[in-house]
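In what follows, a single structure is set out as structure tokens and then discussed.
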Amino acid sequence: MIFYIYAFLCEQISCRISRIKILLFICCFSYVFSFKISIDKCLTVDGEAGICRPKEQCFAKIKTDVGSCKQTKYVCCPTSGKSHRNCLKYAEAVYQSSDSEIVISVKRKTKKVSQCGISMVPLIIGGEKVKSKEFPHMALIGYGKTQQTRAWMCGGSLISPNYVLTAAHCLDGGSKGPARWVRLGILNMKNLSNALGAQEIEVEKRIFHPHYKLKMNDIALLKLKTNANITQYVRPACLDDTGLIKEKSAIATGWGRTSFDSVEQNEYLLKVQLDIIDKSTCSAVFQPSLYMPNGLEDSMMCAGVLSGGKDTCNGDSGGPLQTFSDIYCMYRIIGVTSNGKFCGFANSPAIYSRVFSFIPWIESIVWP
């Protein structure tokens with residue numbers, strides 16, 4: 001037994017966000033797939049360990065096509081490990097120091113107390129409300145110059161104290177102008193009075209991926225004017241820097257509409273579990289087109305439920321597709337919500353920008 005989430009057609013090219021209406025649905029079976037791409041290891045001319053990547057994906061200062069890269073137009077891109085090292089550092093924020101009495105001694109001993117809010121039990125149903133501290137990296141992106149004209153229309157992920165990862169199409173809010181604000185540590189977008197860890201920070205710089213074009217390379221960074229205060233409620237997430245996705249499902253999070261005819265987004269942060277769809281199945285859905293001349297590329301991945309019902313759509317563009325990290329109490333961002341053809345329809349998964357493909361670019365900006 002699962003919950004069926006009704007979704008409607010999403011035809012906007014630059015929008016892919018979630019609004020979810022929950023209907024009880026009895027499911028006899030489900031399809032589960034894995035998403036894999038070929039990852040070839042190599043050595044640079046300096047003997048550094050690297051991964052064969054398309055030239056346009058490698059932003060390292062040193063790169064070479066001399067080595068074991070078999071594909072044409074691929075280079076041996078060194079792996080810096082910067083995102084992983086910083087992930088380990090951010091994971092420490094889950095612990096809160098506290099002084100505890102030692103009975104035998106008159107001295108006081110400081111110990112670490114975990115404030116982890118992540119449930120390690122896999123989701124069985126979709127459309128659940130998120131609990132406090134469960135997704136501390138979740139960001140809400142706002143548009144508009146004044147309090148009266150503000151609109152919160154996209155999601156994102158905090159990946160360092162001063163950078164948010166999102167979709168490139170989320171940097172422009174149409175009539176509302178460019179992305180200007182980021183809210184962190186909140187569950188209810190309209191009620192901040194009860195949000196213990198709420199932070200609102202102005203955007204200093206909007207950074208498109210240099211090769212972004214419509215649905216291609218739909219990924220971007222927002223540099224915050226001031227660093228976020230890292231707490232148990234606000235904490236950066238890890239990034240998929242290995243490209244090895246062993247999980248058969250992942251979790252999507254976001255604020256979105258809750259019914260077909262709803263005008264406003266859902267004000268509460270929701271989570272839903274989606275199957276990771278294999279590339280061949282997804283490629284059959286997304287054939288070469290005007291907006292995707294090469295069809296589904298390695299820098300994209302798909303997730304959804306092929307029987308229909310669960311999906312992301314209008315309301316949560318830029319939000320994360322995530323799995324549990326091997327590092328305690330951390331999520332690993334594997335995808336960024338990008339686009340799709342139909343929302344929640346059968347045989348119509350959604351496209352996510354595959355984070356692994358953009359690690360060199362992200363690291364060159366966030367941790368230069």
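Here, each number is a calculation from the coordinates, and none is a lab measurement. The structure presented is a predicted model; accordingly, all values stated were derived computationally and were not measured. Cβ: placed from backbone, ideal geometry, glycine included. Neighbour counts: every protein chain shown.
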- Cα-based Kirkwood hydrodynamic radius, segment 128-366, one decimal, Å: 17.7 Å
- Task: Grab the Cα-Cα distance for residue 248 and residue 188, subtract it from 0.36 nm times how many residues apart they are, and report the gain in nm with one decimal.
- Result: 18.6 nm
- Within segment 128-366: Cβ-based charge dipole about Cα centre, in debye rounded to nearest 20 (Lys, Arg +1; Asp, Glu -1): 480 debye
- Query: residue 71 to residue 287: extension gain in nm, 0.36 nm per residue of separation minus the Cα-Cα distance?
  - Reply: 75.5 nm
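Which FRET efficiency value, to the nearest 0.05, do you get for residue 115 and residue 46 by plugging their Cβ-Cβ distance into 1/(1 + (r/R0)^6) with R0 = 30 Å?
0.10
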- Note on the structure: Under the 7 Å Cα-to-Cβ spin-label approximation, residue 95 and residue 364 lie apart by a distance in nanometres of 3.6 nm
- Message: Expected output is a single nm value to one decimal: the length gained when fully extending between residue 148 and residue 84, i.e. 0.36 nm times separation in residues minus the C-alpha distance. What is it?
- Response: 19.0 nm
- Label 7 Å along Cα→Cβ of residue 129; segment 181-219 residues with amide nitrogen under 12 Å? 187-189
- Query: Between residue 196 and residue 225, what is the spin-label point distance in nm, taking each point 7 Å from the Cα along the Cα→C-beta axis?
  - Reply: 2.9 nm
- Relative packing of peptides 204-211, 166-173, 284-291 - highest average C-beta neighbours within 10 Å first: 166-173, 204-211, 284-291
- Cross-link list 131/190; 89/223; 131/223: which exceed 18 angstrom alpha carbon to alpha carbon? 89/223; 131/223
- Packing-based order for 330-337, 41-48, using average beta carbon neighbours within 10 Å, highest first: 330-337, 41-48
